[in-house]
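Accompanying notes for the structure given below.
The values are calculated or read from the model by the stated rules, or taken from the named source; none is laboratory data. These numbers were taken from a predicted model, which means no experiment stands behind them. Methodologically, a virtual Cβ is constructed for each residue, glycine included, from the backbone with ideal geometry; neighbour enumeration extends over all protein chains shown.
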Amino acid sequence: MTAKAEAAPRAGVAPSGPRTAWPAVVYAVGAVIMFVVMAVCIRALASRLPAGDITFYRTFFGLVLMLPFVLGRGPSYARGLLATRRLGLLTLRALLTYSAVIAYFYAVTRIPLAEAIALNSTLPIFVTAMAAAMLGERVGIQRWLAVALGFAGALVILRPGFTAVSWPALASFASAALYAAAAIDVKILARTEPPARIVFYMNLLVSVLALAPVVVDFTLPLWSDLPYILAIGAAGTLAHLFQSNALKRADASFVAPFDFLRLPLAAIAGFILFDDQPSVWVWAGAALIFASAFWIARREAAWRRSPQP
């Protein structure tokens, strides 16, 4: 569902070349496919399960998949993973993530997949703007122009003043802002907390948050829903795993363009399975958003390669 920066080649990224690029390509394409599979399964459940229930199943299975890793390392590792002095920030991250997931899942179940994914792809644009405003990170004029281009793309899709802006479209756009705020929270947490602790608390706390509406208004899934529920949990986890592996093997500027595949794949799947027909405005706006995200990734990679004081 975002563009992420990665360390320079000397910090572990393999040098460019055909033999080292292909693993990154495979992982990047795999991540895109998994994101689309998750969106398709969410849409398939839309007529039977509310977005809140689907959110719980997604986060719960993410936690279940992580538990063998935690328990397999022994009791001392589990106790160390739970020991933190940043519970407030971890809880804030969970609240932001839960809100973002609910908003995105709601959008996916109500509007064409291509439109929901295009609006949600403004995530790196929000991250850039928030990093400058909240963390004091230096953002050059070129990246600010890229941010403006990305927001222009979102306006092309929403077209406020020319057509009624739907709540699901706004929800997808808002989910990108919420995901970005959660990413800023993670940047702060990463100064003191190990990645495993951040991920574990996110799955744990979001599962608790998502459980509340399920308990209040539980909708019993059918046996036929089970494959979709399991696929959502597995695809969501694999998507992030593949994305991380791609970024370990190549610069973000190399990996970012593969995210372009999400839109045509989602459009094809939506048309075949759900008779979605995204308008030309969605394609035009998406082109601006993806161009903006790609340029931000390139500038970030160039900054990381340059000597830092």
Hey, does region 38-59 have a residue that's within 16 Å of TYR201 (Cβ to Cβ), part of a helix (DSSP H, G or I) and either in contact with a Cys (Cβ under 7 Å, 6 or more places away or on another chain) or touching a residue at least 12 places away in the same chain (Cβ under 8 Å) (or both)? yes
Just name the residue that is surrounded by the most Cβ atoms within 10 Å (Cβ to Cβ) out of those in region 210-229 that are modelled with pLDDT under 90 and part of a helix (DSSP H, G or I). ALA210
Sole exception among (1) within 19 Å of LEU45 (Cβ to Cβ); (2) assigned to a loop (DSSP other than H, G, I, E, B) for ALA234, by number: (2)
Is at least one residue of region 282-290 in contact with a Ser or Thr (Cβ under 6 Å, 6 or more places away or on another chain), under 21 Å from VAL29 (Cα atoms) and either in contact (Cβ under 8 Å) with a residue 60 or more places away in the chain or not in a helix (DSSP H, G or I) (or both)? yes
It is to be established whether one or more residues within region 144-159 are at pLDDT 80 or above, surrounded by 15 or more Cβ atoms within 10 Å (Cβ to Cβ), of a type in the set (Phe, Trp, Tyr) and under 15 Å from the mean Cα position of the chain (by Cα). no
For region 112-131, how many residues meet the condition of being of a type in the set (D, E, K, R) and in contact with an Asp or Glu (Cβ under 7 Å, 6 or more places away or on another chain)? 0
Among the residues of region 220-229, write down those that are closer than 16 Å to ARG43 by Cβ and touching a residue at least 40 places away in the same chain (Cβ under 8 Å). PRO221, ASP225, TYR228, ILE229
Out of all the residues in region 256-274, is one or more farther than 20 Å from ILE54 by Cβ, acidic (Asp, Glu) and either in contact (Cβ under 8 Å) with a residue 12 or more places away in the chain or not in a loop (DSSP other than H, G, I, E, B) (or both)? yes
Show me the helices (runs of 4 or more DSSP H) found entirely inside region 94-189 where at least 3 residues are of a type outside the set (A, V, I, L, M). 123-134, 141-158, 167-189
Single residue of PHE271, PHE294 found to be of a type outside the set (D, E, K, R), at pLDDT 75 or above and crowded, with 18+ Cβ neighbours inside 10 Å: PHE294
Within region 66-78, can one find any residue that is part of a helix (DSSP H, G or I), under 15 Å from VAL199 (Cα atoms), of a type in the set (Phe, Trp, Tyr) and touching a Gly at 6+ places or on another chain (Cβ under 7 Å)? no
Checked ILE111, ILE117 against criteria (hydrophobic (A, V, I, L, M, F, W, C) and touching a Pro at 6+ places or on another chain (Cβ under 9 Å)); the one match is ILE111
Among residues belonging to region 110-141 that are exposed (fewer than 13 other Cβ atoms within 10 Å of the Cβ) and touching a residue at least 40 places away in the same chain (Cβ under 8 Å), point out the one that is farthest from PRO50 (Cα to Cα). GLY140
